[in-house]
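This report refers to the structure that appears directly beneath it.
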Amino acid sequence: MLIKSVCGYCGVGCGLEFDKEKLIGDVSYPINEGKLCSKGVSELISIQTPSRLLRPYIRSNINNEYKITTWENTIKTIAHKIKNTSKDKIGFYLSGQLLTEDYYIANKLGKGFIGTNNVDTNSRTCMSSAVVAYKKSLGIDYVPVRMDDVFKANLLILIGANTAEAHVVFHNRIKKAQKMGLKVIVIDPRFTDTAKIADLYLPIKAGSDIDFLNLVSKRIIDEDLVNHEFVEKYVNNFDLLKNKFKRVATTKMLKRTGLSEEQFEAFWQIFKENENIISAWTMGLNQSVQGVDKNLALINIHLLTGKIYKEGNGPFSLTGQPNAMGGREVGGLSTMLAVHFGFDKESIKKVSKFWNTNKIDDKAGLTATQMLEANLDILIICHTDPVYHLPNRNKTEELMKKIPLVVEINAYENSETSNFAHIKLPAAPWGEKEGTQTNLDRTITKQEKLTRTSIDCKSDWEIFQLLAQELGYKEAFNFSSPKEIFEEFQEMTKLNPHLNIYDTSYEKLAIEPFIWGEDIRKNMQFFTKDNKANLFFVENKLLSEKTSLKFPFILLTGRTRDQWHSGTKTNLPRTLLKYKELNFCEINPINAKNLGIQDGDEIKVISRRGELITKVLITDAIKEDTIFIPISNREINYLTNDLYDKESLQPDYNHSAVRVERV
Ligand SMILES: Nc1nc2c(c(=O)[nH]1)N[C@H]1C(S)=C(S)[C@@H](COP(=O)(O)OP(=O)(O)OC[C@H]3O[C@@H](n4cnc5c(=O)[nH]c(N)nc54)[C@H](O)[C@@H]3O)O[C@H]1N2
Ligand SMILES: Nc1nc2c(c(=O)[nH]1)N[C@H]1C(S)=C(S)[C@@H](COP(=O)(O)OP(=O)(O)OC[C@H]3O[C@@H](n4cnc5c(=O)[nH]c(N)nc54)[C@H](O)[C@@H]3O)O[C@H]1N2
Ligand code: SF4
Ligand SMILES: [Mo]
């Protein structure tokens, strides 16, 4: 029998079909129309690898060996610790790769019943800058564009996004739209595979996006391309922005971008000539010490021109993980409570009543990027690998060692975090469980169970429920299936009706995806106090780490097409999955010559915080001021710095100063 499901890797959320032997793309699925990338096709291979975590393990000290134990023992140990710890010393470190039902249960347990808002997620390192910016400008965490809008747009600006490697099937759709007339501009310090399809490529200097975007906004105002009718009706702060722009030093701004006047004019011509414009971005904007400001500078352009809430237009944050959006909906960030509510009295009252609890705290919790520095007594990590992914790894490791109880819930045994955990719990991975997820354009899709769950593994929601029951919350955690959880979550979204997730059903989702929030853009709704969108004047404050004679290069980090982050699911022996060479560092030919190094040579890359050894890949794709190492190199974050955006607390991963030495 044919089973339809969806891919669990990236935010595109492709539909696939399983016929007992292999996976193929679902041609009837609206998102991907049958196309899959190498990761989607190989989902099944990943469940069959020998590196699966199949039993619960425990050890009293991280210097000891793990011993196999029982579920009962581990859950009792964790519950005992929680009961004897002040709630502010407990942290839940979740993931944008969890299913909505898993997320919902963990959030309900942490915020609703244990009473700690220290429930955050790796999405903090991923799209929290976009969340904050959308809320500041639109008044709501809402992605106002759909992937299919590229077929209605005339121009797509990709800034700090490498869709060719990170959103592969969407990238193919972009190429299809190009054949129908779409123009594409790519703005990235690196000549990426995405840049290869661009009509115009702008090699912007890393970290200077605010300067560039401000120059565009200023030009819109100076040449009066402002959509005055739209601004009058829907937008705040226009005069303020206009006045501020009168005083900015444009020559200096352009110089900081590293672009020539000709390059900027070439951009401006294309921008001016095109009616329907989408600007899409990912980590090049979000992972920055001014990630929120970069987002705001971009959204300004769309608000000034009224190019938002119309088909083929808008500021489009491309979420990376399969369910980072679902996490936002249930409230998986420590800075929100649930169903897009914050910690105001009214929201707490509504949520308390719904969950029938009186434990909810009224202050925001620790973010994922703050948890390790907070002297926690217990940290429960689920479906993510913070030791691998947080910046400044030497510091991360030291902090991790100090936490008395680290629990890791993972489906694989070889994460970096497992070296620092006391308890490891085996989760059922993709294919062995079911549930829902929301992709990058608000489309809710359903993953199906395709094969039996390995004997001792459990779905993530079941693990949190076991813990909740052991803590005594049996009545509130009495679910027998993901369907029941989804239905409770749906009921809860009625408290905040713009989240019209109640308009679908679990059964319907098995047949077709559902898109929430389409009325918001149809009705031109903004959710600020006065229901108008906000413009913000932001400036490049040059806060990133500076290069110096000792550390002359900026390190860029990013994805490769066939690998998924730390690679527990994708970095398998060559016989199983094809991939390109992973251990490389892109270096410009001129730098290579100066350093006296050749292709394939071993080099040491050193920052103020740490170092790693890798191999040289000489290429023109990278400019002289930067080098690039893919994040499939698990040691990447020994180099990166832990500067954070002050509002989103997202790391400045892409702008660390490094030097290169021959080994
Ligand atoms: N194959 C694969 N796909 C994935 C993932 C994966 O691990 N593997 N992960 C998923 C996840 S979680 C995410 S978040 C997305 C990420 O998706 P992307 O952000 O598209 O992926 P990155 O490779 O991080 O690309 C970031 C780009 O930003 C550029 N950049 C760096 N600094 C700057 C800057 O200051 N300004 C500008 N304009 N650009 C800059 C980099 O050169 C790089 O090309 O990918 C998702 N898809
Ligand atoms: N330098 C640098 N650092 C970065 C980034 C960067 O661009 N540059 N990007 C950041 C971003 S955007 C992200 S999203 C993060 C990603 O960083 P992580 O989230 O740490 O990376 P993953 O390897 O995807 O980790 C997912 C973990 O979940 C486990 N797992 C798989 N299936 C299941 C399951 O069903 N249940 C459970 N419980 N576990 C499972 C996997 O084995 C793996 O250990 O990295 C961040 N760090
Ligand atoms: S593009 Fe993303 S969702 Fe689609 S098959 Fe590839 S990894 Fe899976
Ligand atoms: Mo991400």
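The values are calculated or read from the model by the stated rules, or taken from the named source; none is laboratory data. Just so it is clear, the model here is predicted, and its values are computed rather than measured. For neighbour counting, all protein chains shown are included, and Cβ atoms are generated from backbone atoms with ideal geometry for every residue, glycine included.
Go through the residues of the stretch 121-129 one by one and say whether even a single one is hydroxyl-bearing (S, T, Y), touching a His at 6+ places or on another chain (Cβ under 7 Å), within 29 Å of Y201 (Cβ to Cβ) and within 16 Å of ligand 1 (Cβ to nearest atom).
Looking through the stretch 121-129, at least one residue is hydroxyl-bearing (S, T, Y), touching a His at 6+ places or on another chain (Cβ under 7 Å), within 29 Å of Y201 (Cβ to Cβ) and within 16 Å of ligand 1 (Cβ to nearest atom).
I'd like the residue in the stretch 78-113 that is polar (S, T, N, Q) and buried (at least 17 other Cβ atoms within 10 Å of the Cβ) and, out of all such residues, is nearest to M336 (Cα to Cα). Can you show your working first?
Initial filter on the stretch 78-113 (polar (S, T, N, Q)): 84-86, 95, 97, 100, 107.
Narrowing the set further to residues that are buried (at least 17 other Cβ atoms within 10 Å of the Cβ) leaves 85, 95, 97, 100, 107.
Numbers: T85: 23, S95: 15, Q97: 18, T100: 16, N107: 10 Å.
Checked the stretch 78-113; the qualifying residue nearest to M336 (Cα to Cα) is N107.
Mind checking which residues of the stretch 602-613 are farther than 21 Å from K546 by Cβ and surrounded by fewer than 17 Cβ atoms within 10 Å (Cβ to Cβ)?
So the first thing to find is which residues in the stretch 602-613 are farther than 21 Å from K546 by Cβ, and the list is 602-604, 612-613.
If the condition is that a residue be farther than 21 Å from K546 by Cβ and surrounded by fewer than 17 Cβ atoms within 10 Å (Cβ to Cβ), then E602, K604, I613 are the ones that fit.
Got a sec? Which of V351, V339 is in the same structural domain as Q437 (by TED's automatic domain parsing), of a type in the set (V, I, T) and not in a loop (DSSP other than H, G, I, E, B)?
It is V351.
Out of all the residues in the stretch 58-79, is one or more assigned by TED's automatic domain parsing to the domain that holds T445, at pLDDT 95 or above and within 16 Å of ligand 4 (Cβ to nearest atom)?
The first filter runs over the stretch 58-79 and keeps only residues assigned by TED's automatic domain parsing to the domain that holds T445, leaving 58-79.
Of the ones still in play, those that are also at pLDDT 95 or above are 58-79.
Cutting the leftovers down to within 16 Å of ligand 4 (Cβ to nearest atom) gives us none.
Taking every residue of the stretch 58-79 in turn, none turns out to be assigned by TED's automatic domain parsing to the domain that holds T445, at pLDDT 95 or above and within 16 Å of ligand 4 (Cβ to nearest atom).
Restricting attention to the stretch 501-513, which residues are touching a helix residue (DSSP H, G or I) at 6+ places or on another chain (Cβ under 7 Å) and either buried (at least 16 other Cβ atoms within 10 Å of the Cβ) or assigned to a loop (DSSP other than H, G, I, E, B) (or both)?
Once the filter is applied, which keeps residues that are touching a helix residue (DSSP H, G or I) at 6+ places or on another chain (Cβ under 7 Å) and either buried (at least 16 other Cβ atoms within 10 Å of the Cβ) or assigned to a loop (DSSP other than H, G, I, E, B) (or both), the stretch 501-513 yields I501, Y506.
Just name the residue that is farthest from the chain's Cα centre (by Cα) out of those in the stretch 74-89 that are over 20 Å from K424 (Cβ atoms) and assigned to a helix (DSSP H, G or I).
Top of the filtered list is K83.
For K623, are the conditions met, namely being part of a strand (DSSP E or B) and under 24 Å from K196 (Cβ atoms)?
It is false that K623 is part of a strand (DSSP E or B) and under 24 Å from K196 (Cβ atoms).
Every residue in the stretch 406-465 that is surrounded by fewer than 22 Cβ atoms within 10 Å (Cβ to Cβ), of a type in the set (S, T, Y) and within 19 Å of T77 (Cβ to Cβ), please.
S418
Kindly establish whether S352 is surrounded by fewer than 24 Cβ atoms within 10 Å (Cβ to Cβ) and either within 16 Å of ligand 1 (Cβ to nearest atom) or of a type outside the set (K, R) (or both).
For S352, the condition - surrounded by fewer than 24 Cβ atoms within 10 Å (Cβ to Cβ) and either within 16 Å of ligand 1 (Cβ to nearest atom) or of a type outside the set (K, R) (or both) - is met.
Filter the stretch 514-547 for residues that are in a loop (DSSP other than H, G, I, E, B) and among the basic types (K, R); which is surrounded by the most Cβ atoms within 10 Å (Cβ to Cβ)?
K532
If T614 satisfies every condition in (1) under 29 Å from A427 (Cα atoms); (2) part of a strand (DSSP E or B) but one, which is the exception?
Failing condition for T614: (1).
Would you check if I185 is touching a Phe, Trp or Tyr at 6+ places or on another chain (Cβ under 9 Å) and within 16 Å of ligand 2 (Cβ to nearest atom)? Steps first, answer last, please.
Details: touching a Phe, Trp or Tyr at 6+ places or on another chain (Cβ under 9 Å): yes; within 16 Å of ligand 2 (Cβ to nearest atom): no.
No: the conditions fail for I185.
Could you pull out the residue among I114, I105 that is of a type in the set (A, V, I, L, M, F, W, C), in contact (Cβ under 8 Å) with a residue 60 or more places away in the chain and in contact with a strand residue (DSSP E or B) (Cβ under 9 Å, 6 or more places away or on another chain)?
I114
Identify, from the list V119, V169, V145, the residue that is farther than 30 Å from Q269 by Cα, more than 16 Å from ligand 4 (Cβ to nearest atom) and within 20 Å of the chain's Cα centre (by Cα).
Going through V119, V169, V145 in turn, the sole match is V119.
I want to confirm something. Restricting to the stretch 333-391 and keeping residues that are of a type in the set (S, T, Y) and farther than 17 Å from T493 by Cα, which single residue is farthest from ligand 3 (Cβ to nearest atom)?
That would be T357.
Identify, from the list N410, N478, the residue that is more than 19 Å from F113 (Cα to Cα) and not aromatic (F, W, Y).
Of N410, N478, the one residue that is more than 19 Å from F113 (Cα to Cα) and not aromatic (F, W, Y) is N410.
Scan the stretch 1-59 residue by residue and report those that are within 16 Å of ligand 3 (Cβ to nearest atom), in a strand (DSSP E or B) and touching a residue at least 40 places away in the same chain (Cβ under 8 Å).
Across the stretch 1-59, the qualifying residues are K4, S5, V6, G15, F18.
Here's a check for you: in the stretch 650-663, which residue that is within 13 Å of ligand 2 (Cβ to nearest atom) and assigned to a loop (DSSP other than H, G, I, E, B) is surrounded by the fewest Cβ atoms within 10 Å (Cβ to Cβ)? Don't jump to the end; show me each part of the working.
Of the stretch 650-663, the ones within 13 Å of ligand 2 (Cβ to nearest atom) are 650-656, 658.
Now drop any that are not assigned to a loop (DSSP other than H, G, I, E, B), which leaves 650, 652-655.
Details: Q650: 28, D652: 22, Y653: 26, N654: 25, H655: 25.
This residue is D652.
Given the conditions (1) surrounded by fewer than 24 Cβ atoms within 10 Å (Cβ to Cβ); (2) in the same structural domain as D224 (by TED's automatic domain parsing), and given that D344 satisfies all but one, which numbered condition is not satisfied?
Going through (1) surrounded by fewer than 24 Cβ atoms within 10 Å (Cβ to Cβ); (2) in the same structural domain as D224 (by TED's automatic domain parsing) one by one, D344 breaks only (2).
Answer yes if at least one residue in the stretch 553-576 is away from ligand 2 (no atom under 16 Å from the Cβ) and within 26 Å of the chain's Cα centre (by Cα), and no otherwise.
No; the residues of the stretch 553-576 include none that is away from ligand 2 (no atom under 16 Å from the Cβ) and within 26 Å of the chain's Cα centre (by Cα).
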